[in-house]
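Report on the following structure.
The values are calculated or read from the model by the stated rules, or taken from the named source; none is laboratory data. Since this is a predicted model, take the numbers as computed values, not measurements. All Cβ positions, even for glycine, are placed from backbone atoms using ideal geometry, and neighbour counts span all protein chains on display.
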Amino acid sequence: MADQTETGLPPNWEVRHSQSKNLPYYFNSAEKVSRWEPPAGTDTEKLKNYMAVYHSNKGLAAGTGEDRQPGKIRAAHLLVKHRDSRRPSSWRENQITRSKEEAHAIIEAHERRIKSGEVSLGQLALTESDCSSARKQGDLGYFGRGDMQKEFEDAAFALKAGEISGIVDTASGLHLIERLE
Ligand SMILES: Cn1nc(-c2ccccc2)cc1C(=O)N[C@H](Cc1nc2ccccc2[nH]1)C(=O)O
């Protein structure tokens with residue numbers, strides 16, 4: 001098991017893999033608690049590098065190694081967090097202090113550029129998304145009902161393949177969603 005000098009996680013925390021969701025999660029072996037997002041005090045730069053190797057070793061490029069199952073869809077997203085987000089931190093910025101209004105202006109500009117055809121959502125997500133899926137161009141892989149926050153799920157399932165949502169507001173922040181399959 002990788003130690004915290006490799007993962008950047010605080011003591012007793014480790015990266016584990018959820019077979020059911022085919023996603024990494026974070027487990028504290030001392031407190032026996034788990035969570036989907038890295039805990040406070042994580043060296044996000046080290047974790048970002050560790051997870052890039054983790055995903056390539058697990059062949060977890062979204063859409064590979066996962067079967068297309070009935071009821072599941074595949075989507076990519078670009079997330080702009082704000083200071084009231086559930087976890088106001090990301091690989092881009094250790095402490096996110098922008099207001100929700102500022103985040104809305106930012107994601108509106110992204111939406112205009114994407115919908116004008118100037119740039120794809122995936123390309124823009126690589127550098128601008130506050131989700132750790134940014135390095136996979138925002139590709140979240142396949143998911144079914146009940147896997148994601150409800151507002152996100154409803155917006156994603158309402159899209160046809162290839163369509164891009166409007167601005168979707170969840171506890172994580174403001175999203176643009178592109179349904180891939
Ligand atoms: C749901 N999920 N999948 C990944 C992911 C997928 C593929 C490769 C790497 C990371 C990251 C996440 C995730 O929850 N990220 C959170 C932000 C976030 N919150 C979300 C809510 C709904 C959908 C996607 C979302 N992403 C974070 O980084 O703080």
Selection within the range 137-175 - part of a strand (DSSP E or B), of a type outside the set (D, E, K, R) and touching a Ser or Thr at 6+ places or on another chain (Cβ under 7 Å): L140, G173
Which residue pairs have Cβ atoms closer than 6 Å, lie 6 or more positions apart in sequence or on different chains, and pair a first residue in the range 74-98 that is under 22 Å from D147 (Cβ atoms) and at pLDDT below 95 with a second residue that is within 8 Å of the ligand (Cβ to nearest atom) and assigned to a strand (DSSP E or B)? none
Checking G63 against (1) within 12 Å of the ligand (Cβ to nearest atom); (2) at positive phi; (3) modelled with pLDDT of 90 or more, only one condition comes out false. Which one? (3)
Residue match in the range 148-162 (condition: away from the ligand (no atom under 14 Å from the Cβ) and touching an Asp or Glu at 6+ places or on another chain (Cβ under 9 Å)): yes
Condition check: crowded, with 21+ Cβ neighbours inside 10 Å and either under 23 Å from E93 (Cα atoms) or small (G, A, S) (or both). Does G141 satisfy that? yes
Just checking, which of E118, E111, E101 is away from the ligand (no atom under 16 Å from the Cβ), surrounded by 17 or more Cβ atoms within 10 Å (Cβ to Cβ) and either more than 13 Å from the chain's Cα centre (by Cα) or in a helix (DSSP H, G or I) (or both)? E111
Given (1) within 11 Å of the ligand (Cβ to nearest atom); (2) within 20 Å of S18 (Cβ to Cβ); (3) surrounded by fewer than 19 Cβ atoms within 10 Å (Cβ to Cβ), index of the condition R92 fails: (2)
Top-ranked residue of the range 23-57 - restricted to ones that are in a loop (DSSP other than H, G, I, E, B) and within 10 Å of the ligand (Cβ to nearest atom), ranked as modelled with the lowest pLDDT: W36
Filter result for H104 (modelled with pLDDT of 90 or more and in contact with a Pro (Cβ under 8 Å, 6 or more places away or on another chain)): no
When every residue in the range 3-22 that is of a type in the set (D, E) and not in a loop (DSSP other than H, G, I, E, B) is compared, the one surrounded by the fewest Cβ atoms within 10 Å (Cβ to Cβ) is E6
Looking for whichever is among the β-branched types (V, I, T) and surrounded by 20 or more Cβ atoms within 10 Å (Cβ to Cβ) here; the options are I106, I177. Which one fits? I177
Taking E153 and the conditions (1) surrounded by 13 or more Cβ atoms within 10 Å (Cβ to Cβ); (2) at positive phi; (3) free of Cβ contacts under 8 Å to residues at least 12 places away in the same chain, which numbered condition does it fall short on, given that it satisfies the others? (2)
